[in-house]
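Trainee: Got a structure for you, written out below as C-alpha cells; questions coming shortly.
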Amino acid sequence: MWFPRLASDRVLRAHPIDGPFALTLRQANAERLYCLNPEAERQGLHREMPFADARAFCPALHSRPADPVGDARFLHVLRRWATRYCPWVGIEGDDGLVLDITGSAHLFGGEPMMLSDMRQRLNRAGLTARIGLGDTRGAAWALARFGEGRAETGQPLDTLTGLPVAALRLDGKTVIALQRLGLRTIGDLEGAARAPLARRFGLDLLLRLDQALGRQPEQIAPLADPPHYAARMSLPDPIGLFDDVMAGTSRLLDRLCARLKARETGARALRLTLRRVDQEALTVELRLAGPLRDAARILPLFERGVGEIDAGYGIDQMRLEATQVEPLPVHQISHMSSGRTDRLNDLISRIGTRIGLENVQRFLPADSHIPERGFIIAAAACSKPGGPWVALRPRPVRLFPPEPIAGTRPRPPERFRWRRISLTTARATGPERIAPEWWLPDENWRSGLRDYWHVETRQGRRLWLFYTPQNPGWFVQGEFA
Amino acid sequence: MINPVGLSVFFDPAHLLLAQTGDQTETLAVAEEALRDGSVPLVTLEITRPLNLREGRRLQLAAKAGNTTGLCLIPEGMGSNAAETRWHCTPVFDAGDSTLMRWKIIKNKSGTLGSWHVRWNATSHRLDVVSPAGERPGSAGASD
C-alpha cells in the first residue's frame, strides 16, 4: 500500500484547499517542494523543485511548511488502522505500508473485494493510495508503485514482465546502467543470462529479482503495538456517590496495575476521566513522587481529587490512563531495605495532591561563592538528594534579602539598629571578601564587592553583615544559629 | 529563608524536604499529613497566626499517631494549649564561644520547667547541654 501524497493529503484533510497546493521543506539551505497535490502536478510542478521557481510557474500556489515527523506519526496511525485487514502490518519506507493478508482475504470476500474495500475507505478519508497485491513483497511493491494491480497467484512474472526495472527496488545507478544495456523491463532482465549480470552488478540485483518473483523468501516485520496503559468501564446506570466512584476506580486500577506489573513498569502520572450523562468529561489528574503499581497505595491518593468533582446528573463512563510510565523492575526485598523510601514517596505524593507536586522540594548543592547561589531548590519528586555540602567558612542558617543599617566606615559599626532593635557589637570576625559573578547579571550585586563580617552582638544575636566598599554602606543579610 | 549551606554544619541537608504552601490552612494540612505518616522523624512548621484549640489538638493527635516530633515555630505569645512543651530559645553572647544559646522550657505538660545553656560541639557533632563549671555566664538564667 503506497501513499504517493501522504504529506499533502494529511494537511489537506485538516484544511481543504481548492487549487494547487504544495508543502515546502528546507533542504540544503533552499526551500524545495516536498509534496504536492494533483492540481499542482497538472500545472507542471514536481517534487524537489525550488519553491521560488514553483511560485514563478504557478502564482496561485498555496503552500505550507512540511512536517516530516508529523507525517511519520500519521503513517503509524494508518498502520494501526490497517490492522483491521490483517494482524501483520509493517511500515515500508516513509510512505508505505506492507500487509501480509495471507489467510485473511476471505473475511472480506476475496482479494478483489478486499482491495476495493481498502480503496473505498482510503478514498473516503481523503488519501491517495496505490495498492499492489502479489505473492511476494517485491511483487506487491512493484505493482503498488508502477502497476497498480493484482498479480495472479503463482504467476508473478505475467504481471511484472512489462514493468520497468526500477520496480525491483534498485538504486538509481543500477537502474541507469541496466537501461544503457537495453534491459528496460523486468521481462528483459529475466530473459538475460544471470551469470554476467551477477558479475556486472553484484548479487543484489539478482536477489531483488528473485524476491520479486518468489524464488527467494522475504519476511515482513510487523511493528509491535506500543503497550497501552489504560482501562475503561461503561456503567449501565449513572453513578454519583463518592463511594461508588471510588469502587469503580478501584476496579479500573486493579486492571491497570495488572498490566503495569506484567511489563515491570510503574505509573508516574495517572488520569481518571469521568464522563457524565450530559457528555461532560471530568478529569482527575494524579502525579506520583515515584513509579508505583500498587493499587492499594494509589487508590487513597485519588480520594481527594474524586471528592472535589461535581457528578451532576451522574457518571456513566470511567477511563483510567497512566499518562506517564517508568520502568519499575521487581526488587528483592530484604531486611535491609525497609520500605522507608516507599513510605516517603507515598507521603510526597499525598502532600503533592494537596499543594502540587512541584511544591515539595529539596535542596541541592551548587558550586558558587555567592551565598544565595550556593544551593538550588528542586522538586523532590524529580531529583535525587546528592552532592557533598561544603561550608569552608561559617555561613548563617537563615538568609534574607539585604537589609540596610546605618554606617559608612569599613569597620563594623559599634552600635546599630536593626529591625528596631538596638545592638552593640561585641565581636566581629572578618572581613571575607566575595566578588560578584560578572558572568551572571544579578540586580542585587550591582553595588560591587562585598566584605562579609560575622558580628556577635552583646544582646546575643549573631548576624552576618556586609560592607560594600565601592558604594559605602552596611547591610544585614543573615543570622547564625 | 533557610540556608542549607549553613545548616550543613549541623546535619546533612539531603535529609531535608521542604513543602511550600500557599496559606496557613495548607501548612497545617501538610504538617498533619506528615506527622501522621511517621516516615519523617521531625516536622517543622512556621505559623503566622495563632492556632486555635481544634488545630492544635489535631496536630497533637497526628503526632501521637505517627510517633513523630512536631516543632512549630511561633511568633511570641501565639502558643497553642495543645502543645506538650514550649521552648524559648535565645542566642547568648559569650566571649569564648559563638554557639552558646539559652534554651528555656516555658511550658511542660509532663514535667517541670527549666533552663539550659547549650553549645554546639563541632568535634563530637552534638549539643553540650551543661555549661562548663565556673564559666557559666549570667547565673540568672542557669538551671536550678
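Trainee: Probe radius 1.4 Å, ligands and nucleic acids left out: can you give me the accessible area buried at the A-B interface, summed over both chains, in Å² to the nearest hundred?
Mentor: Values: alone 27910 and 10100 Å², together 34540 Å².
Heavy-atom accessible area buried at this interface is about 3500 Å².
Trainee: Taking the Cα atoms only, what angle lies between the long axis of helix A:203-213 and the longest principal axis of chain A, rounded to 10 degrees?
Mentor: The answer is roughly 70 degrees.
Trainee: Rounded to whole Å, give me the distance from the Cα center of the stretch A:407-481 to that of the stretch A:265-306.
Mentor: Centre-to-centre (Cα) distance: 51 Å.
Trainee: Can you give me the accessible area per residue for chain B, using a 1.4 Å probe, in Å²? Walk me through the numbers on the way to the answer.
Mentor: Working: 8350 Å² over 144 residues.
So chain B comes to 58 Å² accessible per residue, rounded to a whole number.
Trainee: Also, I was wondering about something else. Along the positive direction of the dipole of chain A (beta-carbon charges: Lys, Arg +1; Asp, Glu -1; about the Cα centre), which of A:Phe363, A:Ala40, A:Trp453 reaches farthest?
Mentor: A:Trp453
Trainee: For peptide A:356-365, compute the average count of partner chain beta-carbon atoms within 10 Å of each residue's beta-carbon.
Mentor: Working: counts 4, 0, 1, 7, 5, 5, 7, 11, 3, 5.
For peptide A:356-365, the averaged partner shielding equals 5.
Trainee: Next up: Can you divide the C-alpha Rg of the protein assembly as shown by 2.2 N^0.38 Å and report the result to two decimal places? Don't skip to the end; give the middle numbers.
Mentor: Numbers: Rg = 37.8 Å, N = 625, 2.2 N^0.38 = 25.4 Å.
Relative to the rule-of-thumb radius for its length, the protein assembly as shown sits at 1.49.
Trainee: About its Cα centre, what dipole magnitude does chain A give when the only charges are +1 on Lys and Arg Cβ and -1 on Asp and Glu Cβ, stated in debye to the nearest 20?
Mentor: On the way: 67 positive and 55 negative charges, 410 e Å.
The calculation lands at about 1980 debye.
Trainee: For a protection proxy built on the mean count of beta-carbon atoms within 10 angstrom, sort A:192-203, B:76-87, A:354-365 highest first, please.
Mentor: Numbers: A:192-203: 12.0, B:76-87: 14.2, A:354-365: 18.9.
Output ranking for A:192-203, B:76-87, A:354-365: A:354-365, B:76-87, A:192-203.
Trainee: Check cross-link reach from B:Lys64 to the lysines: straight Cα distance under 22 Å, and skip same-chain residues fewer than eight apart.
Mentor: B:Lys107, B:Lys109
Trainee: Here is a follow-up. For the stretch A:1-106, give the percent of accessible area contributed by carbon and sulfur heavy atoms, probe 1.4 Å, rounded to a whole number. Don't skip to the end; give the middle numbers.
Mentor: Working: 2930 of 5680 Å².
On the stretch A:1-106, the fraction of accessible area on carbon and sulfur atoms equals 52 percent.
Trainee: Helix B:53-66 versus the longest principal axis of chain B: what angle, 0 to 90°, nearest 10, using Cα atoms?
Mentor: 80 degrees
Trainee: With axes computed from alpha carbons, what is the tilt in degrees of helix B:24-37 against the longest principal axis of chain B, rounded to the nearest 10 within 0 to 90?
Mentor: Value to nearest ten degrees: 80.
Trainee: Just reorder A:Trp438, A:Trp474 by solvent-accessible area, largest first, 1.4 Å probe, all chains present. Provide the component values of the computation, followed by the final result.
Mentor: Values: A:Trp438 210, A:Trp474 5 Å².
Largest accessible area first, the residues go A:Trp438, A:Trp474.
Trainee: Per residue, how much accessible area does the stretch A:1-106 show when a 1.4 Å probe rolls over the protein heavy atoms, in square angstrom?
Mentor: On the way: 5680 Å² over 106 residues.
Using a 1.4 Å probe on heavy atoms only, each residue of the stretch A:1-106 averages 54 Å².
Trainee: Additional query: Do any residues of the stretch B:83-129 show a loss of at least 50 square angstrom of accessible area between the isolated chain and the full protein assembly, using a 1.4 Å probe, and if so which?
Mentor: Residues of the stretch B:83-129 that lose at least 50 Å² of accessible area once the other chains are added: B:Pro91, B:Phe93, B:Ser98.
Trainee: Now, a different point. Treat every Asp and Glu Cβ in the stretch A:350-481 as -1 and every Lys and Arg Cβ as +1, leave all other atoms uncharged, and give the resulting dipole magnitude about the Cα centre to the nearest 20 debye.
Mentor: Details: 21 positive and 12 negative charges, 119 e Å.
Once rounded to the nearest 20, the dipole reads 560 debye.
Trainee: Tell me the accessible surface of A:Lys261 in square angstrom (1.4 angstrom probe, heavy atoms of protein chains only), to the nearest ten.
Mentor: Counting only protein heavy atoms, the figure is 140 Å².
Trainee: Could I ask something else about it? Just to check I understand the Karplus step: with θ = phi - 60° and J = 6.51 cos²θ - 1.76 cosθ + 1.60, what whole-Hz values come out for the stretch A:393-401, glycine and proline as x?
Mentor: Residue by residue, the stretch A:393-401 yields 10, x, 10, x, 8, 10, 10, 9, x Hz.
The values are calculated or read from the model by the stated rules, or taken from the named source; none is laboratory data. Here the structure is a predicted model, which is why all the values come from computation and not from measurement. Positions of Cβ are backbone-derived with ideal geometry, glycine not excepted, and every protein chain shown enters the neighbour counts. With ligands, DNA and RNA removed, areas are computed over all heavy atoms of the protein, side chains included. Shrake-Rupley method; radii C 1.70, N 1.55, O 1.52, S 1.80 Å.
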